[in-house]
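Asker: Structure provided below as structure tokens; questions to follow.
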Amino acid sequence: MSAASEPIAPAGPPLPTRPGLRAPIAASAAPSRRRGWREPSLLPGFAPAMAFTLLYLSLLVLLPLAALAARPWEHGWQGLWTTLASPRVLAALRLSFGLSFVAAGLNVVMGLVVAWALARYDFPGKRLADAAVDLPFALPTAVAGIALAAIYAPNGWVGALLAPAGIKVAYTPLGVLIALIAVGLPFIVRGVQPVLKDFDAEVEEAALTLGAGPLRRTWQLVLPALTPSLITGFSLAFARAVGEYGSVIFIAGNMPMRSEIAPLLIVIELEQFNYAGAASIGLVMLLLSFAVLITINLVQLAAARRGRR
Amino acid sequence: MRTSAPVRPSGPAWLLIAAALVWIALVIGLPLAAVFGEAFRKGAGAYVAALADPDALSAIKLTLEVAAIAVPLNALFGLAAAWAVAKFEFRGKTLLVSIIDIPFSMSPVISGLVWVLLFGANGWFGATLDGLGIRVIFNFTGILLATVLVTLPFVARELIPLMQEQGTDEESAAITLGAGGLRTFLQVTLPNVAWALLYGVLLCNARAMGEFGAVSVVSGHIRGLTNTMPLHVEVLYNDYDFVGAFAVATLLAGLALVTLAAKSALEWRFAGELAHGRR
Amino acid sequence: MSLIVDGVAKRFARFPALNGVSLSAEPGEFLALLGPSGSGKTTLLRVLAGLETPDSGKVLFEGEDFLALSARERRIGMVFQHYALFRHMTVARNIAFGLRARPARQRPPHRQIEETVERLLALVQLEGLGGRYPAQLSGGQQQRVALARALAIEPRMLLLDEPFGALDAKVRKELRQWLRRVHDETGVTTLFVTHDQEEAIDLADRVAILRNGLIEQIGTPEALEAAPASAFVFDFLGDSNRLPCRLQGDLAIFDGFAAPAVRGRDAGAGATTAWFRPHETSLGLGGAGLAVTISDILTRGSMIRVECRGSGGVLFEADYPRDALPTGLAPAVEARLAPRRVFVFAGEAPEATAAQASSC
């Protein structure tokens with residue numbers, strides 16, 4: 001064996017043991033090497049997996065989005081403005097965003113009730129009810145749409161009962177609202193349920209030993225803990241409702257200025273081969289949704305930071 | 001940490017439960033009942049006849065074909081994306097995951113619209129492809145593209161958090177034991193996410209078969225040619241063929257129910273092996 | 001020499017993990033890498049296994065350049081901190097994995113793999129549990145499966161990352177003895193990482209103490225105990241008291257008393273800090289020594305620990321055998337404390353303890 005195989009002196013020359021002195025010496029011992037955009041790993045397959053992922057996303061998400069972003073400018077600002085400022089488009093946007101907000105808000109209340117019942121209590125039929133909550137995720141929107149129309153049409157299952165009272169649901173904004181509520185329910189329930197289930201029993205018991213009553217425990221301990229998941233659920237339900245098409249158009253009646261939703265206007269513009277107009281409405285919807293989602297996320301972030309302090 | 005187990009309700013709790021059940025019945029149960037009720041309104045004979053209609057059968061066939069391509073593609077994408085995102089460290093990861101999520105926050109109509117903007121008669125590539133005799137919009141390809149876009153995140157969203165949580169220890173162990181990359185992936189990684197993969201595929205498939213808005217924009221509603229099942233439902237409904245519309249709708253509702261049952265079974269049996277349960 | 005590590009350095013994106021580590025191991029040696037968290041011991045182990053690539057330095061194993069081999073080619077048995085058992089495979093399949101993963105020509109026949117698995121199950125005392133899944137085993141059992149799996153490939157070297165870190169104290173003690181036996185039976189060169197000095201001293205032939213990505217000292221447990229190279233080593237290996245002193249020859253001079261001093265490497269004369277162990281600390285009711293007040297007397301197994309405070313609240317500890325506690329010592333009693341032997345180290349400025357000194 002060569003000299004290299006001699007036992008190597010322990011730790012080399014002794015260094016001063018005060019950390020302040022050691023750190024700079026230690027740091028200079030390691031050669032600085034430029035690092036690429038990823039950490040080295042011994043697992044294989046990063047390059048092909050990443051290449052496929054990027055290619056797939058580029059072709060199926062980014063390229064189409066680029067088309068959506070580029071198309072509205074065909075006739076300049078003027079063209080975009082003309083499309084968006086038309087009373088019919090404004091009314092549709094107001095209806096879609098306004099009703100989505102109301103529907104998501106109502107869902108926060110009822111979703112909390114449903115989640116609470118499912119998470120905190122045992123009762124007959126609970127498993128079935130629990131599974132049923134996911135149905136709006138799985139049921140095709142067109143199916144939900146014609147079913148709601150059949151229920152709330154003036155001669156429908158519920159519509160016939162309401163008609164004598166003068167309440168019209170189908171073919172009015174109220175009908176749109178009902179469709180949007182059905183679509184959003186699972187987002188709230190599925191967001192809140194796990195938090196409610198995992199809520200630390202000891203915290204509640206501690207409050208109990210300190211003499212807090214059930215309402216105070218709920219109001220001051222559990223609800224604040226649920227707030228982030230309620231906000232997330234709200235924003236998801238809202239985003240879904242804004243874009244919802246299939247379950248709305250059958251019950252909405254689609255009367256311009258009254259019960260016409262924004263996604264439907266895109267379809268109408270496309271049928272007239274007005275690509276720029278369709279793209280304009282699409283882009284504005286997407287940007288507005290993103291803006292709402294980002295705002296909600298920022299609010300949540302701020303709240304979380306305050307909670308930590 | 002100890003969590004509170006569900007308890008037997010008492011007094012006012014029954015009110016809360018009643019409210020929850022009434023709401024579920026109203027928002028979810030009633031529409032489901034309506035689908036089946038309306039489909040059989042004129043008896044079983046009319047129901048069967050509606051389903052045996054050639055246009056209905058070709059819609060079923062088209063739907064199955066589209067799902068048979070779109071779902072495996074997105075499953076493959078989900079595996080590749082999850083492998084890259086969960087098992088490696090690189091810059092821009094957050095951005096990549098956000099891009100994967102975009103289709104979830106897009107209106108289905110927009111997911112259809114973008115393909116018309118690219119491949120429609122007035123689209124970026126429309127004229128070029130027309131010259132080559134290739135049709136995308138009002139054709140199978142367009143329906144496929146719209147479906148793939150709408151269902152793109154399903155498998156990836158299920159796999160990424162789970163694979164991130166599982167880390168790379170088992171893969172590292174396999175490699176120190178002398179296993180190669182492919183063996184490691186097939187024998188260690190894949191079995192660890194098998195149930196989550198199935199879960200994601202189930203949800204992806206349900207959406208692929210049921211997608212309406214996006215497909216509606218690119219299909220052109222040509223009966224017997226470019227009508228998927230949900231589109232066929234719309235066409236029949238607008239023709240006032242309610243029994244026909246609801247009969248096809250029962251098939252889609254049945255698919256949704258089967259998906260839900262399978263999903264619940266997976267969640268119940270393999271809760272620990274799904275990312276979903278811990279989200 | 002079986003393993004030679006020479007000047008290995010590794011920087012992560014934000015911090016240096018190894019700053020030029022050199023050490024060597026004899027064939028069949030049982031070596032502990034001991035250090036606080038962040039000292040680089042796990043990184044060093046992962047470099048040896050091929051799970052990390054160092055920025056610079058050499059690793060030779062039996063004369064072969066190890067860094068030129070991939071993790072797959074090194075034939076290292078690695079036991080991961082959280083075991084990394086394949087959770088969807090039975091115990092038997094886990095153990096057989098490395099053998100089955102061999103290229104067809106080198107793969108032992110099916111029968112032989114089964115026999116190896118049975119033999120290893122017996123070695124790790126898990127006979128009959130081959131059909132179980134990892135989740136059905138206790139932590140200690142999972143730990144032993146991980147070891148059997150690593151041994152199955154007849155590793156050229158065995159690496160264990162905090163092998164007992166996730167286990168409770170009793171199981172840990174049992175497994176320690178058992179691991180030592182397995183090592184003696186298989187004779188494979190073994191390195192293990194730990195932050196528990198008792199574990200390192202108990203198990204290892206030699207202990208390497210790491211700090212800030214460097215080896216502070218390496219030696220047999222006895223050598224480390226007898227001649228610690230630095231205050232860090234002394235402090236890390238056990239409980240310690242310290243007191244400012246002046247060094248004169250081999251004598252540490254305190255305020256009115258003195259004690260023989262063991263001088264660490266390059267320790268010079270003059271003002272410095274004296275380090276001493278509780279079991280080399282004497283307490284008396286009178287005589288020379290530092291004035292302290294006894295605050296607590298605790299029974300710890302066969303030992304009695306006396307905690308006392310100097311003026312200014314500095315804590316000192318003294319250990320006595322259970323039956324040898326000087327009479328008259330009790331909480332709140334004033335006593336005199338004196339070390340029987342102290343250690344002094346180079347580079348220890350007395351300022352470090354000046355605040356305490358001024359109050360003494």
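The values are calculated or read from the model by the stated rules, or taken from the named source; none is laboratory data. Keep in mind it's a predicted model, so treat the numbers as computed, not measured. Reconstructed Cβ throughout: ideal geometry from the backbone, glycine too, with neighbour counts over all protein chains shown.
Asker: Using beta carbons and a limit of 9 Å, which pairs, at least six apart or on different chains, have the first residue in segment B:158-184 and without any contact (Cβ under 8 Å) to a residue 12 or more places away in the chain and assigned to a helix (DSSP H, G or I) and the second one hydroxyl-bearing (Ser, Thr, Tyr) and surrounded by fewer than 20 Cβ atoms within 10 Å (Cβ to Cβ)?
Answerer: From residues that are without any contact (Cβ under 8 Å) to a residue 12 or more places away in the chain and assigned to a helix (DSSP H, G or I), the pairs are B:ILE175/C:SER70.
Asker: Please indicate, with yes or no, whether at least one residue in segment B:129-139 is on the phi > 0 side of the Ramachandran plot and touching a Ser or Thr at 6+ places or on another chain (Cβ under 9 Å).
Answerer: Checked against the condition, which is being on the phi > 0 side of the Ramachandran plot and touching a Ser or Thr at 6+ places or on another chain (Cβ under 9 Å), segment B:129-139 yields at least one hit.
Yes or no, residue by residue, for (1) more than 22 Å from A:SER259 (Cβ to Cβ); (2) surrounded by 18 or more Cβ atoms within 10 Å (Cβ to Cβ); (3) small (Gly, Ala, Ser):
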residue: A:ASP134; (1), (2), (3): yes, yes, no
residue: A:ALA142; (1), (2), (3): no, yes, yes
residue: A:ALA160; (1), (2), (3): no, no, yes
residue: A:TYR171; (1), (2), (3): no, yes, no
residue: A:ALA182; (1), (2), (3): no, yes, yes
residue: A:ILE188; (1), (2), (3): yes, yes, no
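Asker: Please go through segment B:206-250 and give me each residue that is more than 14 Å from A:ALA147 (Cβ to Cβ), part of a helix (DSSP H, G or I) and not aliphatic (A, V, I, L, M), ordered by number.
Answerer: Listed by number, the residues that qualify are B:ARG207, B:GLY213, B:SER216, B:SER219, B:HIS232, B:ASN238, B:GLY244.
Asker: For segment A:237-255, indicate whether the set of residues that are within 29 Å of A:HIS75 (Cα to Cα) and surrounded by fewer than 23 Cβ atoms within 10 Å (Cβ to Cβ) is non-empty.
Answerer: Yes, segment A:237-255 contains at least one residue that is within 29 Å of A:HIS75 (Cα to Cα) and surrounded by fewer than 23 Cβ atoms within 10 Å (Cβ to Cβ).
Asker: Please identify the pairs in which a residue from segment C:55-69 that is farther than 18 Å from C:THR43 by Cβ and within 11 Å of another protein chain (Cβ to nearest Cβ) has its Cβ atom under 6 Å from the Cβ atom of a residue that is surrounded by 15 or more Cβ atoms within 10 Å (Cβ to Cβ) and aliphatic (A, V, I, L, M), counting only partners at least 6 apart or on another chain.
Answerer: Note: pairs meeting the criteria are C:LEU60/C:ILE4.
This table checks each residue for (1) within 16 Å of the chain's Cα centre (by Cα); (2) under 30 Å from B:MET106 (Cβ atoms).
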site	(1), (2)
B:PRO161	no, yes
B:GLN164	no, yes
B:ASP169	no, no
B:ALA173	no, no
B:GLN187	no, no
B:MET209	yes, yes
B:GLY213	yes, yes
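Asker: From the list A:LEU139, A:LEU68, A:LEU80, which one is within 7 Å of chain B (Cβ to nearest Cβ), in contact (Cβ under 8 Å) with a residue 60 or more places away in the chain and either more than 25 Å from A:ILE167 (Cβ to Cβ) or within 23 Å of the chain's Cα centre (by Cα) (or both)?
Answerer: Working: A:LEU139 fails: in contact (Cβ under 8 Å) with a residue 60 or more places away in the chain; A:LEU80 fails: within 7 Å of chain B (Cβ to nearest Cβ).
Among A:LEU139, A:LEU68, A:LEU80, only A:LEU68 is within 7 Å of chain B (Cβ to nearest Cβ), in contact (Cβ under 8 Å) with a residue 60 or more places away in the chain and either more than 25 Å from A:ILE167 (Cβ to Cβ) or within 23 Å of the chain's Cα centre (by Cα) (or both).
Asker: Same structure, new question: Which residues, taken from segment A:83-111, are farther than 23 Å from A:ALA276 by Cβ, of a type in the set (A, V, I, L, M, F, W, C) and loosely packed, with under 14 Cβ neighbours inside 10 Å?
Answerer: Initially, segment A:83-111 is screened for residues farther than 23 Å from A:ALA276 by Cβ, giving A:98-111.
Those still in the list that are of a type in the set (A, V, I, L, M, F, W, C) too: A:99, A:101-104, A:106, A:108-110.
Across segment A:83-111, the qualifying residue is only A:VAL109.
Asker: Being aliphatic (A, V, I, L, M), touching a residue at least 24 places away in the same chain (Cβ under 8 Å) and within 15 Å of B:ALA214 (Cα to Cα) is the requirement here; does A:ALA262 meet it?
Answerer: Details: aliphatic (A, V, I, L, M): yes; touching a residue at least 24 places away in the same chain (Cβ under 8 Å): yes; within 15 Å of B:ALA214 (Cα to Cα): yes.
Yes; evaluated as a whole, the condition is true for this residue.
Asker: Could you count how many residues in segment A:250-309 are over 16 Å from A:THR83 (Cβ atoms), in a helix (DSSP H, G or I) and hydroxyl-bearing (Ser, Thr, Tyr)?
Answerer: Count: 2.
Asker: I would also like to ask the following. Given the structure, is B:LEU231 within 8 Å of chain A (Cβ to nearest Cβ), in contact (Cβ under 8 Å) with a residue 40 or more places away in the chain, over 24 Å from A:ALA129 (Cα atoms) and within 18 Å of the chain's Cα centre (by Cα)?
Answerer: Values: within 8 Å of chain A (Cβ to nearest Cβ): yes; in contact (Cβ under 8 Å) with a residue 40 or more places away in the chain: yes; over 24 Å from A:ALA129 (Cα atoms): yes; within 18 Å of the chain's Cα centre (by Cα): yes.
Criteria met by B:LEU231.
For every residue, the table says whether it meets (1) among the acidic types (Asp, Glu); (2) touching a residue at least 24 places away in the same chain (Cβ under 8 Å).
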site: B:PRO6; (1), (2): no, no
site: B:ALA13; (1), (2): no, no
site: B:GLU38; (1), (2): yes, yes
site: B:PRO54; (1), (2): no, yes
site: B:GLU65; (1), (2): yes, yes
site: B:ILE69; (1), (2): no, yes
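Asker: Right, next: Please specify each residue of segment C:1-20 satisfying the condition of being β-branched (Val, Ile, Thr) and more than 9 Å from chain A (Cβ to nearest Cβ). It would help to see each step written out before you state the result.
Answerer: Pass one, segment C:1-20, residues β-branched (Val, Ile, Thr): C:4-5, C:8.
Result: C:VAL8, single match.
Asker: Name the pairs: first residue in segment A:200-221 and touching a residue at least 12 places away in the same chain (Cβ under 8 Å), second residue of a type in the set (Asp, Glu), Cβ to Cβ under 8 Å, at least 6 apart or on different chains?
Answerer: A:ARG217/A:GLU204; A:LEU221/A:GLU204
Asker: Collect the residues in segment C:273-299 that are within 14 Å of chain A (Cβ to nearest Cβ) and in contact with a Leu (Cβ under 8 Å, 6 or more places away or on another chain), keeping them in residue-number order. Spell out how you get there, then give the answer.
Answerer: So in segment C:273-299, the residues within 14 Å of chain A (Cβ to nearest Cβ) come out as C:273, C:275.
If the condition is that a residue be within 14 Å of chain A (Cβ to nearest Cβ) and in contact with a Leu (Cβ under 8 Å, 6 or more places away or on another chain), then C:THR273 is the only one that fits.
Asker: Another question, if that's okay. Let me confirm something: among A:ILE268, A:ILE296, which residue is modelled with pLDDT under 95, more than 8 Å from every other protein chain (Cβ to nearest Cβ), over 18 Å from A:ALA104 (Cβ atoms) and surrounded by fewer than 21 Cβ atoms within 10 Å (Cβ to Cβ)? Walk me through how you get there before you give the answer.
Answerer: Working: A:ILE296 fails: over 18 Å from A:ALA104 (Cβ atoms).
Selected residue: A:ILE268, the only one of A:ILE268, A:ILE296 that is modelled with pLDDT under 95, more than 8 Å from every other protein chain (Cβ to nearest Cβ), over 18 Å from A:ALA104 (Cβ atoms) and surrounded by fewer than 21 Cβ atoms within 10 Å (Cβ to Cβ).
Asker: If a residue counts only when it is of a type in the set (Ser, Thr, Tyr) and at pLDDT 95 or above, which helices (runs of 4 or more DSSP H) contained entirely in segment A:45-96 have at least 2 such residues?
Answerer: Details: elements: A:46-57, A:63-70, A:76-85.
Where helices (runs of 4 or more DSSP H) fall fully within segment A:45-96 and carry at least 2 residues being of a type in the set (Ser, Thr, Tyr) and at pLDDT 95 or above, they are A:46-57.
Asker: Hey, another quick one. Looking for whichever is acidic (Asp, Glu) and touching a Phe, Trp or Tyr at 6+ places or on another chain (Cβ under 9 Å) here; the options are A:GLU260, A:GLU269. Which one fits? Give the steps one after another, and end with the answer.
Answerer: Values: A:GLU260 fails: touching a Phe, Trp or Tyr at 6+ places or on another chain (Cβ under 9 Å).
None of the other options fit; the residue is A:GLU269.
Asker: Residues that are within 14 Å of chain A (Cβ to nearest Cβ) and β-branched (Val, Ile, Thr): list the helices (runs of 4 or more DSSP H) wholly contained in segment C:162-272 that include at least 1 such residues.
Answerer: Working: elements: C:169-186, C:197-203, C:221-226, C:231-237.
Those helices (runs of 4 or more DSSP H) span C:231-237.
Asker: For segment B:62-81, enumerate the residues that are buried (at least 23 other Cβ atoms within 10 Å of the Cβ) and in contact with a Gly (Cβ under 8 Å, 6 or more places away or on another chain).
Answerer: B:GLY78
Asker: Give the residue that is surrounded by the most Cβ atoms within 10 Å (Cβ to Cβ), with candidates limited to residues of segment B:91-119 that are more than 7 Å from every other protein chain (Cβ to nearest Cβ) and closer than 24 Å to A:ILE261 by Cβ.
Answerer: The extreme case among them is B:GLY112.
Asker: Across segment A:153-184, what is the total count of residues that are farther than 22 Å from B:VAL109 by Cβ and within 10 Å of chain B (Cβ to nearest Cβ)?
Answerer: In the first step, residues of segment A:153-184 are kept if they are farther than 22 Å from B:VAL109 by Cβ; the result is A:153-169, A:174.
Narrowing further to those that are within 10 Å of chain B (Cβ to nearest Cβ): A:156-158.
Going through segment A:153-184 one residue at a time, the tally reaches 3.
Asker: Every residue in segment B:1-57 that is part of a helix (DSSP H, G or I) and in contact with an Asp or Glu (Cβ under 8 Å, 6 or more places away or on another chain), please. Lay out the reasoning, then the answer.
Answerer: From segment B:1-57, those part of a helix (DSSP H, G or I) are B:12-39, B:43-52, B:54-57; that's our starting set.
Passing the criteria: only B:ALA50.
Asker: Something else about it: Right, B:VAL66: at pLDDT 95 or above, part of a helix (DSSP H, G or I) and either more than 30 Å from A:LEU43 (Cα to Cα) or of a type in the set (Asp, Glu) (or both) or not?
Answerer: Numbers: at pLDDT 95 or above: yes; part of a helix (DSSP H, G or I): yes; either more than 30 Å from A:LEU43 (Cα to Cα) or of a type in the set (Asp, Glu) (or both): yes.
Judged against the criteria, B:VAL66 is a match.
Asker: May I pose another question? Looking at (1) more than 10 Å from every other protein chain (Cβ to nearest Cβ); (2) of a type outside the set (A, V, I, L, M); (3) surrounded by fewer than 22 Cβ atoms within 10 Å (Cβ to Cβ); (4) closer than 25 Å to C:ARG176 by Cβ, which is the only condition C:HIS82 fails?
Answerer: (1)
Asker: Taking the criterion of being more than 10 Å from chain B (Cβ to nearest Cβ), of a type outside the set (Ser, Thr, Tyr) and closer than 30 Å to A:ALA92 by Cα, would at least one residue in segment A:207-219 satisfy it? Spell out how you get there, then give the answer.
Answerer: Residues of segment A:207-219 more than 10 Å from chain B (Cβ to nearest Cβ): A:207-213, A:215-219.
The next check asks that each one be of a type outside the set (Ser, Thr, Tyr); those that pass are A:207-208, A:210-213, A:215-217, A:219.
Then drop every residue that is not closer than 30 Å to A:ALA92 by Cα, which leaves none.
No: zero hits.
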